[in-house]
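A short worksheet on the structure shown next.
The values are calculated or read from the model by the stated rules, or taken from the named source; none is laboratory data. Please read these numbers as outputs of a predicted model, since none were measured by experiment. FYI the Cβ positions are ideal-geometry reconstructions off the backbone, even for glycines, and counts take in every protein chain you see. These accessible areas exclude ligands, DNA and RNA; they are computed on the full protein's heavy atoms, side chains included. Shrake-Rupley method; radii C 1.70, N 1.55, O 1.52, S 1.80 Å.
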Number of protein chains: 2
Amino acid sequence: MSLIIDCHGHYTVLPKGHDVWREEQKAAFSAGVSALPYPLISDDEIRDTIESNQLRLIKERGADLTIFSPRASAMAPHVGDAAVAKEWALRCNDLIARVVELFPDRFVGVCMLPQSPQADMANSIAELERCVDMGFVGCNLNPDPGGGHFRHPPLTDRYWYPFYEKMVELDVPAMIHVSGSCNPAMHATGGYYIAADTIAFMQLLEGDLFADFPSLRFIIPHGGGAVPYHWGRYRGLADMLKKPGLDTHLMNNIFFDTCVYHQPGIDLLADVIDNKNILFGSEMVGAVRGIDPTTGHYFDDTKRYVDALDISEAERHAIFEGNARRVFPRLDAQLRARGL
Amino acid sequence: MSLIIDCHGHYTVLPKGHDVWREEQKAAFSAGVSALPYPLISDDEIRDTIESNQLRLIKERGADLTIFSPRASAMAPHVGDAAVAKEWALRCNDLIARVVELFPDRFVGVCMLPQSPQADMANSIAELERCVDMGFVGCNLNPDPGGGHFRHPPLTDRYWYPFYEKMVELDVPAMIHVSGSCNPAMHATGGYYIAADTIAFMQLLEGDLFADFPSLRFIIPHGGGAVPYHWGRYRGLADMLKKPGLDTHLMNNIFFDTCVYHQPGIDLLADVIDNKNILFGSEMVGAVRGIDPTTGHYFDDTKRYVDALDISEAERHAIFEGNARRVFPRLDAQLRARGL
C-alpha cells in the first residue's frame, strides 16, 4: 500500500480573524498607519476550518497526507510594500505551522514567500529559513509578483540565484505558483495560473538554469499548464534552440502535479510524461469546487483519475508516494522518523 | 475525398525587399522622418518564396488549400504608432493578395489588422473591409497588441464591439492570434502564443459575448492553447461562474485548430472536443521546423496525426474540409463558384 501524498493543497477556508486582519492590514497601509495587532486565533477555530473542509475531503477521498500551503490566490505580493508582504507571509505561514502541529499525521507545511514587486529575494530567503526551522519541507515561488503582467525577469535570471542557493542548501523544492490576478483581462484560476505554468516551463527551456543548479527542483502545478498537451512543440523548440533533449535538459529537475480535472487530461499526462516526473496533487479546496455531471464526482477528486490509469502498481506508487518523498527529502526524513 | 484545407498558414519566408523595407520603416519612425517608398517586388520573387517553402511542403504532405495570412510574429502592433501599423498591415496584406492571385488554387487570404496599443479599432475595420473586397475570407485579431503584458481589455469588452459588428456584417471569422513578444520573460511561440490562447478562451468563458453576437466566430489556434487538456477545469469553472454549459455558452462560436505537434495531443483534442469544433491546421512554415526523432517526420506535419485518428471518415471530412467551409462562408462560396 502506498501512502497517498497530495503535493498541492492550500488553506483556503480560514479562521475569520485572519481574513479580517488582512483587510485591516491593507487599509492601514493605504492610510499610512501601522496595522492593528494580529488577533488571537484559537486552536478550536483552526480545527473547525480544517475538519469541515480539507480533512473531511481527505478522508472521503482516501488520501493520507497533504503538503499544505497558504491560499495561493491571497498571497498577493503586489499589495502594499515589502514590509506588508513580509508580515502577511509570516502570519500565513504561522497558521500553516499550527495546522501541522494540530494534525501532524495529515499535513506537512510548505511556505509562501514575502515577495514584493520591487524587492530582491532577501526577505524570502529569511522566511524560507524560518519556515524550514519550523519543519516546512518546501515553498511556493511566484514567478510574477506583479500579479498579471509578467514584468519580472525569467526564472533563469540571476535575480533569483540567491534564493536558489538557499533552496539547494536547505534541500527544499519550490512549486512555481502565481497568486491572484490584478489584471482584468486575466482570470486567476482559469487564465493566469495555466498561462504562468506554461510560460515558466518555456523560460526554463530557453535557459540553462539546471547546469548551474543541478539539484534544484521545481514543481510546475496544474499538470504543467499546457506543456504535456504540447509536448511535441516543446521537444521541437528545444531542438530549434539547440538545447539538449528535454529528458536531460529539464526533466531531472521539473515535476508536474495531477491537478487536471478530467480523465483524458490525466491519461495524456501519464502517457506523455515519464512517471518519475508526476506527483499526485488535487489543489483542493480551491480552484474548481463542483461536481462533474458527466461522472457524478468532484472535478478536483484527482485520485480517481490516477486510480483509473492503466499503469503498473510501481508506477502508481511513484505518483502517489515515491516521487513526493524524492522531491521533498525533508518530508521523507520526517516520515522515516515516524517509521513510515 | 475531402479537400484538405489548412486553416492556419503564415507567409514566413518573404521577398527580401519586404523585410528590408520594414526595417527602414522602423528606422524612419525612430528618426521622425517619412518611410522610404515600398520597393517593387516582382511576381517571380513571390513565386520563388512560395514554391520553395509553403507550396513544396503542401505538395509533400498532401494538403490542397491553405488559408494564408501574414507572418504572425512580425505583425508587431506595438512597433511605431497607428500610422506605422496601418501601412505595415496594408503592405503585408497586399503581399498575401498577390500570393493568392499567383496561386489561386492553393491559397486563400486572411488579413492581419493595423492594430496599435493606443488606437481604437477604426483602422482595423477599414483594413478588414479593404481586404474582404480583395477576396480575403477572414482576419487575425490580436488580443494583446502591446506585445506581452496583457494590458488590453478582455475580448468581451465593448472596446472590440465595433470590429465585431463589421465581422458579422461581412460574415468573416477571426483567428485570435498574438504577435511577437517584446517581453523578455515570454518566448513567443513557446510561451506567449499558448498563454494567450488560453487566456482568450477564459475571457470568453467569463463573459457573454456570444449572446450579443450569436453569429460571431473565433478560431483559437495552437489546439486551443491549454484548453482541451484542462477541459474539466473549464467545464467546472463555467459551473462555478454560473454560466451555461460550454457546449451552448461557447462552442457554437469557438473553434480550435490542430496545431499540436504530437499524436497524443491530437488524440486528446479529438477525444475531448466535438469534431464540429476542430479545423485542420499546421501553422507552417513556422513555429517548429524540425523533424521529430521519435517519428522521423516533421513535428508540424499535423495531417499525419489527423490521418491516424480513430474517427469516422465523416468526422475526418469535417476536420479537413467541412468545418472550414462552415466557419469561412466566403471560402465556401469561392469553392462553390469553382465547382468544388
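P(r) for segment A:1-125: what percent of alpha-carbon pairs falls in each 10 Å bin, starting at zero?
Using 10 Å bins, I get a P(r) of 13, 42, 30, 13, 2, 0 for segment A:1-125.
In µm²/s, what is D for segment A:203-315 at 4 °C and 1.567 mPa s, where D = kT/(6 pi eta Rh) by Stokes-Einstein and Rh is the Kirkwood radius from Cα pairs?
The calculation lands on 86 µm²/s.
Shortest first and in nm with one decimal, please list how far the residue A:248 label point sits from its counterparts in the other copies (point 7 Å along Cα→Cβ).
Nearest to farthest, the other copies are at 5.6 nm.
GNM, chain B, Cα, under 10 Å: largest mean-square fluctuation among B:92, B:182, B:139?
B:182
Using the heavy atoms of the protein chains alone and a 1.4 angstrom probe, what is the accessible area of the protein assembly as shown per residue in square angstrom?
I get 36 Å² per residue for this part.
In cubic angstrom, how much convex hull volume per residue do the alpha carbon atoms of segment A:69-110 span?
Hull volume normalised by residue count: 54 Å³.
Distance from the Cα centre of segment A:1-65 to that of segment B:290-305, in angstrom?
48 Å
So what is the diffusion coefficient of chain A in µm² per second by Stokes-Einstein at 37 °C and 0.692 mPa s, using a Kirkwood Rh over Cα pairs?
Using the Kirkwood radius from Cα pairs, D works out to 162 µm²/s.
Placing a label point 7 Å from Cα toward Cβ, how far apart in nm is residue B:29 from its equivalents in the other copies, listed shortest first to one decimal?
Copy-to-copy label distances for residue B:29: 3.7 nm.
Shortest first, in nm, what separates the label point of residue B:82 from those of the same position in the other copies (7 Å along Cα→Cβ)?
Those separations, rounded to one decimal, come out as 4.2 nm.
Which value, in Å² and to the nearest 10, is the accessible area of residue A:105 when all protein chains are kept and the probe is 1.4 Å?
Accessible area, nearest 10 Å²: 110 Å².
Below 8 Å between Cα atoms, with a sequence gap of 6+, how large is the relative contact order for chain B in percent?
It rounds to 18 percent for chain B.
I'd like the distance separating the alpha-carbon centroids of segment A:176-233 and segment B:99-172, in whole Å.
Cα centres, segment A:176-233 to segment B:99-172: 30 Å.
Relative contact order (percent) for segment A:132-199, with alpha-carbon contacts under 8 angstrom and 6 or more residues of separation?
Rounded, it is 39 percent for segment A:132-199.
Given the whole protein assembly as supplied and a 1.4 Å probe, what does the accessible area of residue B:43 come to in Å², nearest 10?
Roughly 70 Å² of residue B:43 is accessible to a 1.4 Å probe.
Which of the residues in segment A:133-166 show a loss of at least 20 Å² in accessible area from their chain by itself to the complete set of protein chains, at a probe of 1.4 Å?
A:149, A:150, A:151, A:154
Averaged over peptide A:59-72, how many Cβ atoms belonging to another chain are found within 10 Å of each residue's Cβ?
0
Give the Rg (one decimal place) followed by the Dmax (whole number) of segment B:77-162, computed from C-alpha coordinates and expressed in Å.
Calculated on Cα positions, Rg and Dmax stand at 13.5, 40 Å.
For the protein assembly as shown, what does the equivalent ellipsoid look like in terms of its semi-axes, each the square root of 5 times an eigenvalue of the Cα gyration tensor, given largest first in whole Å?
Here the semi-axes work out to 45, 27, 23 Å.
Using a 10 Å cut-off on Cβ to Cβ distances, tally the other chain neighbours for every residue of B:176-187 and report the average as a whole number.
4
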